[in-house]
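Here's the structure, in structure tokens; my notes come after.
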Amino acid sequence: MHAFAHVDYSHGLRLVARRMEVDGVMTTVDAVLADPALHPLLSDEGPFASWRYPSGTSQSFPLHDTFPTAAPQLGWRPKFTAPVSVAVTTAPPSGDATVLRVMDPSGGTDSIRLSPGLVRDLAVQADLLCEHRPQLAANGFERIGVFVRDQAQGAFDGTQSQPGACYALCWDSHDGRVRCLRVQGGVLTDLLPAPRFVPGTAWRRFRLEAAGSVLTFVLDGERLLQVQDGAWASGEFGIGCHEYFTTNANMRGARIDTFHADVPGGFALALSPGPASGELHLRRSRGIPGDTYFTALTATPGGFPNGWFFGLDPQLSDLLAGLGSGSPAFLGLLDGDGAHDFGWFGLPPGLPLQGVCLALDPTLRSWQASAPVAVTTR
């Protein structure tokens, strides 16, 4: 007889390899266990918010935070100072009255971060206010950005008392320079082959993906760089700020509107026949909340999986008709959970269908594609 809190090796199945392949898409055990649609592959107890004994740092993916005024929705750990909600004059993309500010009032570097647990491959995305202030260049500047695979307790781009150890996508306030950084041993290396500048004050969407040794840096939907680098294979992730001003009163901090993180390739489309004849259920899941989804369906097998549209051969006229219909079967917005469900009725029984879905960033320059799926109606 054991107390309720007792745990030991005999209390459950322990899966050693965390990687899984589901319908040809690489994912992880924890991502499948947390997924409302996929968890039955491993468990009949519903989606798991936690799938291991608590360690105090591990969290399940996907993660999303809109930073409400009361408190952040995730268990962020600050480097030095707890972040606070502040108002901004440049309206954030979400339309919220306040945003989260990360800043150490005493100056220098500060950050908030999360642990990916045992997950190594991930994509992080945040909307940050880039306030261009060239008039203060003689006094210094601020650097803001997102980082992944941090090995230095959120030191971000630190080079002196606490050298950073991470990859980071950054923006500098005095000249608008964008940097795709490898921070290692106090040395900052911009992986971009040539300096890149994006001046002007605006909310910008930062996205940094790490899959194996491949790093992808994306700003406002534009892929700035995809490169292989093996300096850091794992580590924490988050949002950082570093002020280089002589006068600390010039600090603004990193101001964040929304944050999202998931494993790469997590976005999925599921097609399943309903219990009634001619009934079809479409589920789009694990996208970024607020993104536009476009679903392409075809009844023609075509060149699957080698066709021109992600393995499908729909006619262009069919794609345009679906896009122009405005039907939620084809087009709509992902909800606050990054999902959308739709039921279709009255289809011919025995109809073979194939489909794929795109999740489109609001800029329409960046997208995620689901794996193609197939189903036959009953």
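The values are calculated or read from the model by the stated rules, or taken from the named source; none is laboratory data. Quantities reported herein were computed from a predicted structural model and do not represent experimental measurements. Backbone-built Cβ (ideal geometry, glycine too); neighbour counts: all protein chains shown.
Restricting region 134-164 to residues that are touching a residue at least 40 places away in the same chain (Cβ under 8 Å) and polar (S, T, N, Q) leaves a set whose member that is farthest from D104 (Cα to Cα) is Q151. The strands (runs of 3 or more DSSP E) falling completely within region 69-155 that include 1 or more residues that are among the small types (G, A, S) and within 22 Å of W203 (Cα to Cα) map to 84-86, 109-114, 122-130, 142-150.
Could you look through region 257-291, keep only residues that are over 19 Å from the mean Cα position of the chain (by Cα) and polar (S, T, N, Q), and pick out the one that is modelled with the lowest pLDDT? Among them, the one singled out is S277.
On inspection, D318 does not qualify as acidic (D, E) and assigned by TED's automatic domain parsing to the domain that holds A211. Restricted to region 212-221, and to residues there that are touching a Lys or Arg at 6+ places or on another chain (Cβ under 9 Å) and aliphatic (A, V, I, L, M), the residue that is nearest to W232 (Cα to Cα) is L215. Every condition in (1) in contact with a Leu (Cβ under 8 Å, 6 or more places away or on another chain); (2) in contact (Cβ under 8 Å) with a residue 60 or more places away in the chain holds for G311 except the one numbered (1).
Residues that are in contact with a helix residue (DSSP H, G or I) (Cβ under 7 Å, 6 or more places away or on another chain) and either without any contact (Cβ under 8 Å) to a residue 60 or more places away in the chain or crowded, with 21+ Cβ neighbours inside 10 Å (or both) do occur in region 169-183. In this entry, R284 passes the filter for residues that are part of a strand (DSSP E or B), crowded, with 22+ Cβ neighbours inside 10 Å and basic (K, R). Answer yes or no: is there a residue in region 87-97 that is in the same structural domain as G200 (by TED's automatic domain parsing), surrounded by fewer than 19 Cβ atoms within 10 Å (Cβ to Cβ), under 30 Å from T27 (Cβ atoms) and touching a residue at least 12 places away in the same chain (Cβ under 8 Å). The answer is yes, given that some residue of region 87-97 is in the same structural domain as G200 (by TED's automatic domain parsing), surrounded by fewer than 19 Cβ atoms within 10 Å (Cβ to Cβ), under 30 Å from T27 (Cβ atoms) and touching a residue at least 12 places away in the same chain (Cβ under 8 Å).
Residues of region 108-122 include at least one that is within 19 Å of the chain's Cα centre (by Cα), farther than 18 Å from V84 by Cα, surrounded by 17 or more Cβ atoms within 10 Å (Cβ to Cβ) and of a type in the set (D, E).
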